[in-house]
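> So that we are looking at the same thing, I have put the structure below in structure tokens.
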Amino acid sequence: MDWFDASVLARREVAGTVHVELELPPPVKASFQRPGQYLLVQVGSIHGPFAPASAPGELGPLELLFKPGTPLTDALGRLDAGATVKVSLASGAGFPLAEAKGKALLLVASGTGQAPMRSVIESVRRHRADYGPVTLLLGVRDSEHLAFADEQHAWERDGIELHVTLSRGEPEWQGRKGRVQLHLPAGDLSGTVAFLVGQREMVAEVVAELERRGLPRKQIFLNV
């Protein structure tokens, strides 16, 4: 395993998670080719995988979003700007955006799956005309857990149809409630490509329902 030094540029708490921005060395930045890939981050003697929330090829810092509560995430979440961490080259297949070009794209994410799905969204927005209708189903516990709530209007403005589902929606919530997998789009999905990321149970149920409705398994891509 080759390790590279990366600098912490900023850290803030967002919707019950920690958002960290890293300045990466060129080899690591160049290795990040597809949304949904991951890289290892090491703090002290502890390391683990993180799927970036930023899109590949961005000129700015790499953005990570994670929940505190493990030795690694707690250690990373305590670092201030100017600290140095170790990072690996990006790994994993990621989401194959080329498979979705010219087709309808269904994006389904829950919980901390918001991070890699944002990477997909930002990649799609750069070349929006290359894709057909894009639908994003986003499931979180309550509205306070929407990590990128301040970006949602921009997503919709760029032609991404957004549906938020709250599993524990507050009384005043007028939108969708329950499990996100119960709110898949109606109609013919046979020409759709689906990208799924989130809790394994949710992903498994969405895959089963999409297959039941005739979407070939080869058009469903996972990042769990």
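> Can you tell me how the chain classifies by the Cα gyration tensor, rounded, prolate or oblate, using a/c under 1.5 as the rounded cut? Before the final figure, lay out each step's value.
On the way: a/c = 1.88, a/b = 1.45, b/c = 1.29.
Prolate, since a/c reaches 1.5 and a/b exceeds b/c.
> Straight distance only, please: which lysines reach the Cα of Lys218 with their own Cα at less than 22 Å, same-chain residues fewer than 8 apart left out?
Reachable lysines: Lys101, Lys103.
> Among Gln199, Pro185, Gly214, which residue has its Cα furthest toward the positive end of the charge dipole of the range 107-224, with +1 on Lys/Arg Cβ and -1 on Asp/Glu Cβ?
Projecting each Cα onto the dipole axis, the largest value belongs to Gly214.
> Right, next: Take the alpha carbon atoms of the range 12-61, find their radius of gyration, then divide it by 2.2 N^0.38 Å using N residues; give the quotient. Could the numbers behind the result be given before it?
Working: Rg = 11.6 Å, N = 50, 2.2 N^0.38 = 9.7 Å.
In units of the globular-protein estimate, the range 12-61 measures up at 1.19.
> Next question. For Asp74, Asp150, what's the fewest-to-most ordering of other Cβ within 10 Å of each Cβ? Each step should come with its number before you reach the end.
Working: Asp74 13, Asp150 9.
If I rank by nearby Cβ atoms, fewest first, I get Asp150, Asp74.
> Another question about this same structure. When you count, for each residue, the other Cβ atoms within 10 Å and take the mean per peptide, how do 120-128, 152-160 rank with the highest first?
Details: 120-128: 18.7, 152-160: 14.1.
Answer by packing, highest mean first, reads 120-128, 152-160.
> Also, quick follow-up: Return one number: the angle in degrees, 0 to 90 and rounded to the nearest 10, between the long axis of the Cα atoms of helix 114-126 and the longest principal axis of the Cα atoms of the chain.
80 degrees
> Still on this structure: Would you list, by chain and number, the lysines whose Cα falls below 23 Å from the Cα of Lys29, excluding same-chain residues fewer than 8 positions away?
Counting by Cα, and skipping residues close in sequence, Lys29 has these lysines nearby: Lys86.
> To check you understand DSSP bridge types, tell me what percent of the beta bridges within the chain (both residues inside) are antiparallel, rounded to 5. The partial results should precede the final answer.
On the way: 24 of 48 bridges.
Beta bridges within the chain, antiparallel portion: roughly 50 percent.
> Let me ask something else about it. If R₀ is 25 angstrom, what is the calculated FRET efficiency for the pair Glu211 and Asp2, using the beta carbon separation as r and rounding to 0.05?
Values: r = 40 Å, r/R0 = 1.58.
Plugging the Cβ-Cβ distance into 1/(1 + (r/R0)^6) gives 0.05.
> Can I ask one more? How far is it, in nm, from the label point at Glu58 to the one at Arg168 when both lie 7 Å from their Cα along the line to the Cβ?
Each label point is offset 7 Å from its Cα along the Cβ direction, giving 2.9 nm.
> What shape does the range 97-222 have by the C-alpha gyration tensor, where a ≥ b ≥ c are the square roots of the eigenvalues, rounded means a/c under 1.5, and otherwise prolate means a/b greater than b/c and oblate the rest?
Oblate is the answer for the range 97-222, as a/c is 1.5 or above yet b/c matches or exceeds a/b.
> So, in nm, how far is label His153 from label Ala81 when the simple model puts each one 7 Å beyond its Cα toward the Cβ?
About 2.6 nm, to one decimal.
Rule-based calculations on the coordinates, nothing more; no lab input. Note that the structure is predicted; figures quoted are calculated from it, not measured. Cβ atoms come from the backbone with ideal geometry, glycine included; neighbour counts cover every protein chain shown.
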